[in-house]
Amino acid sequence: SGSNLESFLQCLPQHAQPSNPISDVIFTQNHSNFQSVLNAYIKNRKFLIASTPKPLAILTAKHESHVQATVICAKQAGLELRIRSGGHDYDGLSYISTVPFVILDMFNLRSIDIDIANETAWVQAGATLGELYFKIANTSKVHAFPAGVCHSLGVGGHISGGGYGNLLRKYGISVDNVIDAQLVDVKGRILNRESMGEDLFWAIRGGGGASFGVILAWKIKLVAVPEKVTLFKVDKTLAQGATDVLYKWQYVAPKLPEELFIRVMILVPKEEKTVSVSFIGFFLGQTESLMKLMNQKFPEVGLQPNDCHEMSWGQSTVFFLDSSQNVTSIDVLLQRPTEAKISFKAKSDYVKNVIPREGLEEIWKKMIDNENMFMQWNPYGGRMSEISESETAFPHRAGNLFLIQYYESWPEEGINATDLYTNKLRDFYDSMAPYVSSNPRNTYLNYRDLDIGISSNNQTSLKDAEVYGTKYFNGNFKKLVEVKTRFDPDNFFKNEQSIPPGNLN
């Protein structure tokens, strides 16, 4: 790998513009800042250990030509490329590989250019959702963008995997609101929607950009929101009837008017042998209308006017993430990452049929045995049921009641703790099989989960890829393979769960 690295480093200046020297953004392993640059965007503490494979170099691109040069030279030198925009890839694929590799880090490419007159914006891949939300909120009181709740997500990867949040029932997910993109392809060319063509543009909207190229920027469509939105959080324990309310939620939440999104957060409170269920609501309207709606459609929650908080959409992006704070300023949206605090493992499921009460009670027993985990249940319906499964590469549309995220975290360091807690979550996931989608058991790409299948030896075989590909993409997997075969036939852009080239017929 030493000679590969040498030829990579010699190649770079030949393909970058002299006016933007690439030498300023190269961090090899003997650079004094290598470790801090590597660790800055590792979001999962379990990957901070010494045995995690390290890149031969990190390129922190500051100009488009740096991205082009990195792609051309990594390919020429026979090095694998991993692309990182926010570092949130749950299983670390944006910064870990088992073969000699380099990281292309996008965090410096973070400009956001808003055009309110046309209700659009160009956002570079390294911008965070928090930065995007801040910029929108400071430009307009009545615009928003449908994307995730976590502020430190990098826009490049988040959107390419689908990107959902509390506007999904009204406006769909992020990829439903993308109108153009810039991508560096395997030949180092910068393509937009017109020059890449509709098939590739389709594939990067939900199929994961890293299988097809490097996302440089997205052109997004801003959506309309009222000047004031309303949020609430109501907690219920099992003794307060949480099981009955949640049972009813499954019927009601996907059918509510699309202006109302009620996420459920389920956890075992510290030191208690019970389950707490929080109903966290986001409503595109004001308290009076919300109270009327809830009393009519979902009185079981017992919502009171003093549970309701009216605020701007910008403030809501802070409150929804942490309702314990009184949101006056949205400056917190601009905070860049600090070192990962916890180790975690996550998984996901789609639910198509209501889970019976007895099923919920079984789930509670399992949860109480495993107090380090929580679940989020996110309702579908509304706009999500109106968009066809093949409209974008993201397939999970009509027929889903809700999406579950499972999340297990632990403070202990070391491989033994990682194995212990990961296996606990796997056991819990296995126990959920009777209640969730099957054949295939669907999973959300942005909740990356290597347990559902990987391509071994980094060759991305079609047979291996079909296992995870159908879980992530259903019937869209076949078209993704066709697009890959046309645009990256030699499979340069790859990882353990990428789309392979080949022939599925």
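The values are calculated or read from the model by the stated rules, or taken from the named source; none is laboratory data. It should be emphasised that the depicted structure is a prediction, and the values quoted were computed from it without experimental measurement. Neighbour counts run over all protein chains shown; Cβ positions are idealised from the backbone, glycine included. For accessibility, only protein heavy atoms count, side chains too; no ligands or nucleic acids. Shrake-Rupley method; radii C 1.70, N 1.55, O 1.52, S 1.80 Å.
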Item to check | Hey, GLY188 out of contact with any Phe, Trp or Tyr (no Cβ under 9 Å at 6 or more places or on another chain), modelled with pLDDT of 95 or more and open to solvent by less than 20 Å² (accessible area, probe 1.4 Å) or not | outcome: yes
Item to check | Counted residues, segment 483-505 - those being surrounded by fewer than 18 Cβ atoms within 10 Å (Cβ to Cβ) and not in a loop (DSSP other than H, G, I, E, B) | outcome: 2
Checklist entry - Can you tell me which residue in segment 341-361 is most open to solvent (accessible area, probe 1.4 Å), limited to those that are farther than 25 Å from ALA398 by Cβ and assigned to a loop (DSSP other than H, G, I, E, B)? => result LYS341
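For segment 53-90, which positions are hydroxyl-bearing (Ser, Thr, Tyr) and under 15 Å from PHE34 (Cα atoms)? Show your work before the answer.
Taking segment 53-90 and keeping what is hydroxyl-bearing (Ser, Thr, Tyr), we get 60, 65, 70, 85, 90.
Passing the criteria: only THR60.
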Checklist entry - So HIS151 fits all but one of (1) open to solvent by 10 Å² or more (accessible area, probe 1.4 Å); (2) over 20 Å from GLY92 (Cα atoms); (3) assigned to a loop (DSSP other than H, G, I, E, B); what number is the exception? => result (2)
Checklist entry - Can you spot a residue in segment 214-232 that is within 28 Å of MET367 (Cβ to Cβ), in contact with a helix residue (DSSP H, G or I) (Cβ under 7 Å, 6 or more places away or on another chain) and not in a strand (DSSP E or B)? => result no
Checklist entry - Name the residues in segment 42-93 that are part of a loop (DSSP other than H, G, I, E, B), open to solvent by 10 Å² or more (accessible area, probe 1.4 Å) and touching a Gly at 6+ places or on another chain (Cβ under 8 Å), would you? => result LYS43, ILE49, THR52, SER85, HIS88, ASP89
Checklist entry - If you go through segment 1-41, how many residues are open to solvent by less than 40 Å² (accessible area, probe 1.4 Å), small (Gly, Ala, Ser) and in a loop (DSSP other than H, G, I, E, B)? => result 1
Next on the checklist: For segment 314-334, check the following and say yes or no: at least one residue is touching a helix residue (DSSP H, G or I) at 6+ places or on another chain (Cβ under 8 Å), open to solvent by less than 20 Å² (accessible area, probe 1.4 Å) and more than 19 Å from LYS233 (Cβ to Cβ).
Outcome noted: yes
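Residue-by-condition table, conditions (1) open to solvent by less than 50 Å² (accessible area, probe 1.4 Å); (2) of a type outside the set (S, T, N, Q); (3) out of contact with any strand residue (DSSP E or B) (no Cβ under 7 Å at 6 or more places or on another chain):
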site	(1), (2), (3)
ASP176	yes, yes, yes
ILE179	no, yes, no
GLY197	yes, yes, yes
ALA203	yes, yes, yes
GLY207	yes, yes, yes
GLY213	yes, yes, no
Next on the checklist: Against the conditions (1) free of Cβ contacts under 8 Å to residues at least 40 places away in the same chain; (2) within 18 Å of VAL354 (Cβ to Cβ), where does LEU246 fall short? Just the number, please.
Outcome noted: (1)
Item to check | Hey, LYS270 modelled with pLDDT under 95 and in the same structural domain as MET375 (by the TED database) or not | outcome: yes
Checklist entry - Is there a residue being over 19 Å from LYS270 (Cβ atoms), part of a loop (DSSP other than H, G, I, E, B), open to solvent by 40 Å² or more (accessible area, probe 1.4 Å) and not β-branched (Val, Ile, Thr) anywhere in segment 421-437? => result no
Item to check | Inter-residue pairs, beta-carbon under 8 Å, first on the phi > 0 side of the Ramachandran plot and in segment 486-503, second open to solvent by 20 Å² or more (accessible area, probe 1.4 Å) and outside any loop (DSSP other than H, G, I, E, B), 6+ apart | outcome: GLY502/LEU462; GLY502/THR485
Item to check | Filter result (more than 18 Å from the chain's Cα centre (by Cα) and assigned to a helix (DSSP H, G or I)) within segment 171-201 | outcome: ARG193, GLU194, SER195, MET196, GLU198, ASP199, LEU200, PHE201
Item to check | Residue, nearest to the chain's Cα centre (by Cα), within segment 237-275, restricted to residues that are open to solvent by 20 Å² or more (accessible area, probe 1.4 Å) and small (Gly, Ala, Ser) | outcome: GLY241
Next on the checklist: Pull out all pairs, ordered by first then second residue, where Cβ-Cβ is under 7 Å, the residues are six or more apart or on different chains, the first lies in segment 325-349 and is over 22 Å from VAL155 (Cα atoms), and the second is assigned to a helix (DSSP H, G or I) and hydroxyl-bearing (Ser, Thr, Tyr).
Outcome noted: SER343/THR418
